[in-house]
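Notes follow once the structure below has been shown.
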Amino acid sequence: MKSREEVLNAIADVLVAEFECDRAALVPEARLFEDLDLDSIDAVDLVVRLQNMTGLKVKAEDFKQIRTLGDVADVVVKLLAEQQA
């Protein structure tokens with residue numbers, strides 16, 4: 001299973017490549033909407049890209065809780081752990 005740090009790096013790679021985010025701003029505490037200037041459509045697009053990368057489905061209740069980059073990583077790590085179980 002991937003570590004949280006590996007997951008964070010993979011998410012950061014997507015944010016840099018697809019959303020033109022500044023790599024230096026991509027810390028776990030970075031808020032998706034306020035700090036990274038993503039909008040709700042960008043957030044949905046990010047989740048879809050992550051689902052495609054991992055082959056996992058993000059549940060609606062998990063998606064609603066996402067506020068920071070760390071939250072995104074936590075959801076992905078949780079899904080990967082559930083897949084391993």
Residue ID - nearest to residue 9 (Cα to Cα), chosen from residues in the stretch 30-47 that are of a type in the set (D, E, K, R) and in contact (Cβ under 8 Å) with a residue 24 or more places away in the chain = 31
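Would you call residue 75 surrounded by 14 or more Cβ atoms within 10 Å (Cβ to Cβ), of a type in the set (A, V, I, L, M) and in contact with an Asp or Glu (Cβ under 8 Å, 6 or more places away or on another chain)?
yes
Residue check: is residue 37 surrounded by 12 or more Cβ atoms within 10 Å (Cβ to Cβ), out of contact with any helix residue (DSSP H, G or I) (no Cβ under 8 Å at 6 or more places or on another chain), at positive phi and among the charged types (D, E, K, R)? Walk me through it before giving the result.
Working: surrounded by 12 or more Cβ atoms within 10 Å (Cβ to Cβ): yes; out of contact with any helix residue (DSSP H, G or I) (no Cβ under 8 Å at 6 or more places or on another chain): yes; at positive phi: yes; among the charged types (D, E, K, R): yes.
So residue 37 fits the description; yes.
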Could you tell me which residue of the stretch 30-77 is modelled with the lowest pLDDT, considering only residues that are in contact with a Phe, Trp or Tyr (Cβ under 9 Å, 6 or more places away or on another chain), not hydrophobic (A, V, I, L, M, F, W, C) and not in a loop (DSSP other than H, G, I, E, B)?
-> 40
Return the total of residues in the stretch 48-66 being in contact (Cβ under 8 Å) with a residue 24 or more places away in the chain and either surrounded by 17 or more Cβ atoms within 10 Å (Cβ to Cβ) or under 16 Å from residue 21 (Cβ atoms) (or both).
-> 3
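The values are calculated or read from the model by the stated rules, or taken from the named source; none is laboratory data. The structure displayed is predicted, hence computed values, not measured ones. A quick note on method: Cβ atoms are made from the backbone with ideal geometry, for glycine too, and the neighbour counts reach across all protein chains shown.
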